[in-house]
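All remarks here apply to the structure that follows.
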Amino acid sequence: MRSPFLCALAAAFGLALVASPARADDEVEAPPKPRPTPPDTRSGRPTLAAGIGYQRLFAYAEKDTPPANRNVVQSDFASWGWVPQFQLEYPFTRHFAMAGVGSFGSFTNGTSVCSDCSAKTQSFGLSAVYHLVDGIPFDPWFAFTVAYRKTELTAPTGYQGQLGTTTYTGIDIARWTIGSDFYPAKAIGFGPYLDFGIGRYSSRSPGTISSHAAYTAITLVGLRVVLNPF
């Protein structure tokens, strides 16, 4: 005959087994929750930027100019010079924005080819801007620009069949700019940029352009300040 104590012990042990939780390896883990999208800190907030770059004009302003069918080389008129640049940008998304841009350069120091020559150039255009990230102080960006350009080349004592100031106008067909801004505060940032553009002059004044050629405008390096007051 079994002891009442042993029977009670066996019953308690059985109840404990039935009530014990399932083993950890039998549990089904809940799927991870999707990471919430960070807030958009750029869309609809216009920014202003002002910078200055170290730039030079290259290639021909005009080819086969009369009377001796000479070529007008832009880099003979002036060497490197400082070119201010301005930009008003409106972001449509956290990554994509459109911007109006303008620049003005005055190169007063001629080269050994034409020591008393000088040049001025200005451009106004529209840029498509792509920002790589959003919501952090570091802002790498890339811009593609199409712009109108006006350039004045001055040769006081004559150069390549020219005397005085000749004005050329044309289109920056493609200008590529890459830069990166750092924001130490929410409303202000600064950073470097590099710029390279190609284009064609289509007219000159006085006179009629003889044979236009592709020209380049290169910014070796630039530094800009960005304001985000909105």
The lysines whose Cα lies under 29 Å from the Cα of LYS120, excluding any fewer than 8 residues away in the same chain, are LYS63, LYS150
Contact order relative to length for the range 137-230, counting C-alpha pairs under 8 Å separated by 6 or more residues, stands in percent at 27
Here the range 209-219 yields Karplus 3J(HN,Hα) values (6.51, -1.76, 1.60; θ = phi - 60°; whole Hz; Gly and Pro given as x) of 5, 7, 8, 6, 9, 5, 10, 10, 10, 10, 9
Placing each pseudo-label 7 Å from Cα in the direction of the beta carbon, PHE104 and SER79 end up separated by a distance in nanometres of 2.5
Karplus ³J(HN,Hα) for the range 73-84 (6.51 cos²θ - 1.76 cosθ + 1.60, θ = phi - 60°; Hz, whole; x = Gly/Pro) runs 9, 4, 5, 6, 7, 7, 8, 5, x, 8, 10, x
Magnitude of the Cβ-charge dipole (Lys and Arg +1, Asp and Glu -1) of the chain about the Cα centre, nearest 20 debye, reported as 240
Summing +1 per Lys or Arg and -1 per Asp or Glu among the other residues with Cβ less than 9 Å from ILE171's Cβ gives +1
Under 5 Å from the placed amide H of THR41, counting only residues 5+ away or on other chains, we find GLY135
Long-range amide H partners of ASN109, meaning residues 5 or more apart or on another chain whose placed amide H is closer than 5 Å, are SER79
For the chain, using Cα atoms only, the Rg and Dmax in Å read 33.4, 134
Of the candidates LEU57, GLY81, SER123, the farthest towards the positive dipole end of the chain (Lys/Arg Cβ +1, Asp/Glu Cβ -1, centred on the Cα centre) is SER123
Under a 1.4 Å probe, counting only protein heavy atoms, THR219 has an accessible area in Å², nearest 10, of 10
In degrees rounded to 10, the 0-90 angle between helix 4-19 Cα long axis and the longest Cα principal axis of the chain is 20
Rounded to the angstrom and largest first, Cα extents along the principal axes for the range 76-185 equal 56, 26, 17
Note: PHE196 to ASP40 extended length (0.36 nm per residue) minus current alpha-carbon separation gives 53.1 nm
Diffing the range 58-66: the Karplus 3J(HN,Hα) column from phi (6.51, -1.76, 1.60, θ = phi - 60°), in whole Hz with x for Gly and Pro, holds 10, 6, 8, 7, 6, 10, 6, 7, x
Other residues with Cβ under 12 Å from the Cβ of GLY110 give, with Lys and Arg +1 and Asp and Glu -1, a net charge of -2
If the chain between ILE52 and SER115 were fully extended at 0.36 nm per residue, the gain over the current Cα-Cα distance would be 20.2 nm
Heavy-atom accessible area with a 1.4 angstrom probe orders ASP139, ASP40, most exposed first, as ASP40, ASP139
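The values are calculated or read from the model by the stated rules, or taken from the named source; none is laboratory data. Since the model is a prediction, treat every value here as computed from it, not as a measurement. In this analysis, Cβ positions are derived from the backbone assuming ideal geometry, glycine residues included, and neighbour counts consider all displayed protein chains. Side chains included, ligands, DNA and RNA excluded: accessible areas come from the protein's heavy atoms. Shrake-Rupley method; radii C 1.70, N 1.55, O 1.52, S 1.80 Å.
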